[in-house]
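First comes the structure, then the notes that go with it.
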Amino acid sequence: MKKFLIALIGLSVLAPMAMARDIASVVDATWLEANLANPRLVVVDMRKVEDYKAGHITGAVNVIGASVYVKAGDVLNEVPQADDLTDVLQAAGINADSQVVVVDTDTSARLAWATRVGWTLKYAGLENVAILDGGYAAWTKASKPVQTDPVAAKSGSFVVKFNPAFFADKAYVMAAKKAQIVDARTYDTYFGVSKSATTAQFGHYASAWPLPSTWIATADGFFKPKADLESIAARLGLDPKAETIVYCDTGVAASTWWWIMSEMLGWKSVRNFDGSSQVLAADPSVKYIAGTWR
Amino acid sequence: MGYVIDASLTESDVHLSQGCVTCHSGNENAATRDLAHVGLVKRPSDDTDLCGSCHGDIATNYSKSLHFTTVGMKNGVRPRLSATDIKAFDGKVFVQSCNSCHASCGDCHVKGPTVSGISTGLIQGHRFVRKDDAKTCAVCHNGRVYPEFTGEYGGNADVHYQKGMTCTDCHKPAELHGPEASVPGRKALAEKPSCVGCHKPEAAKTDAAKTAHATHAGKASCSACHSSSEYRNCYGCHLGAGATSVPGLILGDNPRKAGQLTTLRHIPTVRDTFAPAGIAQSNYDSLPNYWDAVPHNTKKRTDRTRDCAACHVAQAHFLKESDLPVGGSKSNQALIFKFDK
């Protein structure tokens, strides 16, 4: 009886987690056009209001990026509080079973911002979140349908419930001795010849693997094929089964590899360190290492 | 690129069908560019009579508007100046430093304004557009209002921008084209947006909001609770050298409405700002260094709407004696807010 109960409890805890995604993690313009009429689909255009009003994917709602990453105290690009994020997602017409496609300008310069929004929505508890490959630029280049009238969505019912398994803070990172830590910044920053103004120290966190976010896109601004991305991580020596934590300067670039590892390649335990170096390197007890590779 | 004119407009648009020289002068029949441009007028709409020949009322009002006269800036410093100072100020400083920023009709309707030598060029190939906030308002108001509104400065976008509103959803032609009779500054405008013009604080959705609103009516401004993050405050301006800007969210006593707690913005005029022009500001202490501001970074929830103690216990963001600029105006003291009991 007792065993049975435990099994039951175990199941009920696991059940919501086990709900599988039923949309690819990255979709292309052709797929999106074919699915525009799907009532569960919500196309989220994260560009500025002015750009959105000048033209957007037919039916797309506008959720500016600045609604999804905010400054909290002195820390840039943080996840909003649950009630604020709930307001934003409900206003966009999002329900728990929605299939949300995130659209930014393009996937070269802006790719990390799209995956950052993607990560935040996954972390907020949504299952079916995808990124439009190539962004709005690829959509217009392919002459897909656009409109200028803003779309007012019927209010959705989704309530944010953060999934702690996708998230790391400073204390978690410092305690995670066995995890493989991935640094998604450029080689220059990793090695310590340059640094962002928001990061207090040159170099990288001890034992981190350098894996720049700029490696994930092709020259014409699309995600590289899955096999190529998988092989980059493999050649570096990363273990898909080990716990992985990705960081950068403010948790935006890091979301690229989080997206690839967790959503595209299906690694089971990947966390984005939201505060990243901005928080970590500001702690004088943490010593970043400059002038060495791993 | 930004200067290429959409050829189809030269016939279809009522403005361009007049021919370029009606507005720009110059010589249509000249053989070379240099000769054609002799006598060319780059900013034809600086002469409001030009547009006024067809848009009479707008042009008549506009010639009195703050955007055209920029007297708001002049009147902002005037009380600090003696009679002789005023003469020198109007002659030297005002024309070069303030009025050079004034807006022509074309700055809002035809061409992105030139700021610090940079221009984004014509809007839609010289079409006469009703509005294009991003290419017009945003360019001149790029120091504080626009970046605060979009979240680029301060990191928290205004809820109205989040909901798809832009400048001209609140600032209407009746305000921007100017009043029928001239006013000394924007506070005297009859037509201007106000929070309560669109929101009835007593009609909020939740009881918590209704109570907070009822208890503080007249005692704390809307922004005192709803301004979400730091906005730009400028310090230490010297003629010709400019000012430095520091982010801050500052709460203090409203200099225009004593007893009300509100958001204050530090303005950069210091005692010797106009010294290079030989202007003394004899009455410097008659005005404070901070003015009440409506920062364009409104949010429903802030640290203060979430916690009454932020004001009533911690006095978070309250202007303190130690914050006051050294050698600042003696009027600053009065802006430090003190609870009644």
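The values are calculated or read from the model by the stated rules, or taken from the named source; none is laboratory data. Every value quoted in this text rests on a predicted model; they were computed, and no experiment measured them. Here the Cβ positions follow ideal geometry from the backbone for every residue, glycine too, while neighbour counts run over all protein chains shown. Surface areas here come from the heavy atoms of the whole protein model, side chains and all, with no ligands, DNA or RNA. Shrake-Rupley method; radii C 1.70, N 1.55, O 1.52, S 1.80 Å.
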#### Entry: Distance cut-off 23 Å, percentage of C-alpha pairs in the range B:116-213 lying past it
45
### Message
Please report the net charge: other residues with Cβ closer than 13 Å to the Cβ of A:Thr198, K and R +1, D and E -1.
### Response
0
## Note on the structure
Among the Cα-Cα pairs of the range B:54-193, the proportion with separation greater than 21 Å, in percent, is 51
### Under-27-angstrom lysine pairs by C-alpha in the range B:124-232, whenever the two are 8 or more apart or on separate chains
27
### Query
So what does B:Cys51 come to for accessible area, using a 1.4 Å probe and Å² rounded to 10?
40
## Note on the structure
Distance in Å, no decimals, from the C-alpha centre of the range A:129-205 to the one of the range B:1-65 is 48
#### Entry: Dipole of the range A:10-113, positive direction: furthest Cα of A:Leu111, A:Gly65, A:Asn77, with charges on the beta-carbon
A:Leu111
### Query
Considering every pair of different Cα atoms, what Kirkwood radius, in Å, is found for the range A:19-147?
14.7
### Query
Considering only the other residues whose Cβ falls under 10 Å of the Cβ of B:Ala59, what net charge follows from Lys and Arg at +1 and Asp and Glu at -1?
-3
## Note on the structure
Using the Kirkwood formula on alpha carbons, the hydrodynamic radius of the range B:199-341 in angstrom works out to 16.4
### Task
Name the most mobile residue of B:Cys108, B:Cys308, B:Cys54, meaning the one with the largest mean-square fluctuation, in a Gaussian network model of chain B with Cα contacts below 10 Å.
B:Cys54
#### Entry: Top of A:Leu32, A:Leu236, A:Leu132 by mean-square fluctuation, Gaussian network on chain A, Cα under 10 Å
A:Leu236
### Which listed pairs, of A:Lys122/A:Lys177; A:Lys161/B:Lys300; B:Lys74/B:Lys299, have C-alpha distances above 29 Å, in listed order
B:Lys74/B:Lys299
### Among beta bridges that DSSP assigns inside the protein assembly as shown, antiparallel share in %, nearest 5
45
### Query
Label B:Ala334 and A:Asp28 with points 7 Å out from Cα along Cα→Cβ: what is the distance between them in nm?
7.0
### Message
Using Cα springs under 10 Å in a Gaussian network model of chain A, which residue among A:Arg185, A:Arg271, A:Arg40 shows the largest mean-square fluctuation?
### Response
A:Arg40
### Message
Using the crude model of +1 on Lys and Arg Cβ and -1 on Asp and Glu Cβ, and no other charge, please compute the dipole size for chain B relative to its Cα centre, in debye to 20.
### Response
1060
### Estimated translational D of the range B:202-252 in µm²/s (Stokes, Kirkwood radius over Cα pairs; 37 °C; 0.692 mPa s)
241
### Message
Taking 8 Å as the Cα distance limit and 6 or more residues as the minimum spacing, I'd like the relative contact order of the range A:19-147 as a percentage.
### Response
35
#### Entry: chain B: relative contact order in percent, alpha carbon pairs under 8 Å with at least 6 residues between
16
#### Entry: Quarter of the Cα convex hull surface for chain B, i.e. its orientation-mean projected area (nm²)
20.7
### Task
Would you mind computing the Rg to Rh ratio of the range A:211-288 from its alpha-carbon coordinates, Kirkwood style for Rh?
1.00
### Query
Which FRET efficiency value, to the nearest 0.05, do you get for A:Asp74 and B:Cys170 by plugging their Cβ-Cβ distance into 1/(1 + (r/R0)^6) with R0 = 35 Å?
0.70
### Task
Just check chain A against the gyration tensor rule for me: Cα atoms, a ≥ b ≥ c as the square roots of the eigenvalues, rounded for a/c under 1.5, and otherwise prolate or oblate depending on whether a/b exceeds b/c.
oblate
#### Entry: Viscosity 1.567 mPa s, temperature 4 °C, Stokes-Einstein D of the protein assembly as shown from Kirkwood C-alpha radius, µm²/s
46
### Query
Distances over 14 Å make up what percent of all Cα-Cα pairs in the range B:101-155?
51
### Message
Which three numbers, in whole Å and largest first, are the semi-axes of the equivalent ellipsoid of the range B:35-124 derived from its Cα gyration tensor as √(5λ)?
### Response
28, 17, 13
### Task
Normalise the Cα radius of gyration of the range A:164-280 by 2.2 N^0.38 Å (N = residues in it) and let me know the number.
0.99
### Summary
Each label sits 7 Å from Cα toward the beta-carbon; between A:Phe202 and B:Thr114 the label points are separated, in nm, by 4.3
### Summary
Residue-normalised 222 nm signal for the protein assembly as shown, counting each DSSP H run of n ≥ 4 as -39,500 (n - 2.57), nearest 500 deg cm²/dmol, is -7000 deg cm²/dmol
